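Below is one structure; the comments refer to it alone.
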Amino acid sequence: MNKELLAKLKQKKEAYRGCKQGWVVRENYRNIAQGSRDEGRKTKALMELNLARDLKDKRKGFHKYTGDKKKTRENVDPLLNALRDQVTQDMEKSEVLNVFASVFTSEIAFQESQREKSRASKINPW
């Protein structure tokens, strides 16, 4: 990052703090934030353009940049199960997370709607 972008980001941070404390008008903060976002996008695009242009000569820099983009987090922090016990093993974590996945499946929703209909028919047979 160049010095101008760092200065814009610092200005944005100070404007945000001032906006929250009532020293800066929200409209001014919004203009500063938009300007710093635009500057950041332009800088990133320029850097990526330079990497692509110099690919034949500087392969190491390109592969370092793309490798950094691919980094993902392997580990999931400990979770709490239904009994409020801490779960640390991978298989137990997957079981805890599968409970949440079942909420979004249509099969489970269909089964629940069928249960509701059967309950309604038992209560009111007409």
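Do you know which of the residues in segment 67-80 that are surrounded by fewer than 10 Cβ atoms within 10 Å (Cβ to Cβ) and not charged (D, E, K, R) is nearest to residue 92 (Cα to Cα)?
First pass over segment 67-80, keeping only residues surrounded by fewer than 10 Cβ atoms within 10 Å (Cβ to Cβ): 67-75, 77.
Next cut, not charged (D, E, K, R) only: 67, 72, 75.
Numbers: 67: 31, 72: 21, 75: 14 Å.
Ranking the candidates gives 75 first.
What number of residues within segment 17-26 are at pLDDT below 90 and in a helix (DSSP H, G or I)? Write out each step before concluding.
Kept after step one, since they are at pLDDT below 90, are these residues of segment 17-26: 19-26.
Of the ones still in play, those that are also in a helix (DSSP H, G or I) are 19-21, 26.
Of the residues in segment 17-26, 4 are at pLDDT below 90 and in a helix (DSSP H, G or I).
Does segment 3-12 contain at least one residue that is under 25 Å from residue 62 (Cα atoms), open to solvent by 70 Å² or more (accessible area, probe 1.4 Å), of a type in the set (Lys, Arg) and without any contact (Cβ under 8 Å) to a residue 60 or more places away in the chain?
Filtering segment 3-12 down to residues under 25 Å from residue 62 (Cα atoms) leaves 3-6.
Remaining after also requiring open to solvent by 70 Å² or more (accessible area, probe 1.4 Å): 3-4, 6.
Filter again for of a type in the set (Lys, Arg), leaving 3.
Right, trim to without any contact (Cβ under 8 Å) to a residue 60 or more places away in the chain and you get 3.
Yes, segment 3-12 has at least one match.
Every residue, every condition in (1) under 30 Å from residue 54 (Cα atoms); (2) aromatic (Phe, Trp, Tyr); (3) more than 22 Å from the chain's Cα centre (by Cα); (4) at pLDDT 65 or above, yes or no:
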{"site": "64", "(1), (2), (3), (4)": "yes, no, yes, yes"}
{"site": "77", "(1), (2), (3), (4)": "no, no, no, yes"}
{"site": "81", "(1), (2), (3), (4)": "no, no, yes, yes"}
{"site": "90", "(1), (2), (3), (4)": "no, no, yes, yes"}
{"site": "93", "(1), (2), (3), (4)": "no, no, no, yes"}
{"site": "99", "(1), (2), (3), (4)": "no, no, no, yes"}
{"site": "108", "(1), (2), (3), (4)": "no, no, yes, no"}
{"site": "117", "(1), (2), (3), (4)": "no, no, yes, no"}
{"site": "126", "(1), (2), (3), (4)": "no, yes, yes, no"}
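Only one of 55, 51 is more than 24 Å from the chain's Cα centre (by Cα), open to solvent by less than 70 Å² (accessible area, probe 1.4 Å), modelled with pLDDT under 85 and under 30 Å from residue 7 (Cβ atoms); which? Steps first, answer last, please.
On the way: 55 fails: under 30 Å from residue 7 (Cβ atoms).
After ruling out the rest, the residue left standing is 51.
Could you give me the residue pairs with C-beta distances under 6 Å whose first residue belongs to segment 22-45 and is surrounded by fewer than 15 Cβ atoms within 10 Å (Cβ to Cβ), whose second residue is among the hydrophobic types (A, V, I, L, M, F, W, C) wherever it lies, and which are 6+ apart or on separate chains?
Pairs found: 26/19.
The values are calculated or read from the model by the stated rules, or taken from the named source; none is laboratory data. Please read all numbers here as calculations on a predicted model, not as lab measurements. Cβ coordinates were reconstructed from backbone atoms using ideal geometry, including for glycine residues, and neighbour counts include every protein chain displayed. Protein only, heavy atoms only, side chains kept; ligands, DNA and RNA dropped before computing areas. Shrake-Rupley method; radii C 1.70, N 1.55, O 1.52, S 1.80 Å.
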